[in-house]
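Worksheet for the structure shown next.
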Amino acid sequence: MTNYLISTPLTFRRSEVIATIAFAGEQASQPIFATLARNFDVDVNILSGSVEIVSDRRIGQFHVELEGKKVTQALKYLHEAEFEVQVH
């Protein structure tokens, strides 16, 4: 087996906003990340997350990076749609 060493340093994008988005019930069936990308031209990078079923109800949260010119409008949309959002 050959081992390869990457000699080029890795670069990461500058994050505009890191946020945790929590949801429950009907919200869990909404394509929220696609909606943010389509309606607000915001890139959504999922950093981590989980979805569980508790008493026949889906609940979950995602830790995401949001990048784009309309991030503020996207966050306002999430709030108005009653998602729980915590900006870090």
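The values are calculated or read from the model by the stated rules, or taken from the named source; none is laboratory data. No experiment lies behind these values; they were computed from the predicted model shown. Quick reminder, even Gly has a Cβ in these numbers, built from the backbone with ideal geometry, and neighbours come from all protein chains shown. Each accessible area value is taken on the protein alone, full model and side chains, heavy atoms only, with ligands, DNA and RNA left out. Shrake-Rupley method; radii C 1.70, N 1.55, O 1.52, S 1.80 Å.
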Exercise. If you scan the range 61-81, which residues turn out to be out of contact with any strand residue (DSSP E or B) (no Cβ under 9 Å at 6 or more places or on another chain) and in a loop (DSSP other than H, G, I, E, B)?
Worked result: Lys69, Lys70, Ala81
For this session: Identify all residues within the range 15-36 that are under 13 Å from Leu78 (Cβ atoms), without any contact (Cβ under 8 Å) to a residue 60 or more places away in the chain and surrounded by 14 or more Cβ atoms within 10 Å (Cβ to Cβ); write none if there are none.
Result: Gln27, Ile32, Phe33, Thr35, Leu36
Exercise. Can you name every residue in the range 61-72 that is open to solvent by 50 Å² or more (accessible area, probe 1.4 Å) and within 16 Å of Phe23 (Cα to Cα)?
Worked result: Gln61, His63
Problem set entry | Test for Leu75: is it surrounded by 15 or more Cβ atoms within 10 Å (Cβ to Cβ) and out of contact with any Phe, Trp or Tyr (no Cβ under 6 Å at 6 or more places or on another chain) | yes
For this session: Could you run through the range 32-57 and say how many residues are in contact with a strand residue (DSSP E or B) (Cβ under 9 Å, 6 or more places away or on another chain), within 17 Å of Ala81 (Cα to Cα) and not hydrophobic (A, V, I, L, M, F, W, C)?
Result: 0
Exercise. If we scan the range 37-60, do we find a residue that is modelled with pLDDT of 95 or more, assigned to a helix (DSSP H, G or I) and either touching a helix residue (DSSP H, G or I) at 6+ places or on another chain (Cβ under 8 Å) or surrounded by fewer than 10 Cβ atoms within 10 Å (Cβ to Cβ) (or both)?
Worked result: yes
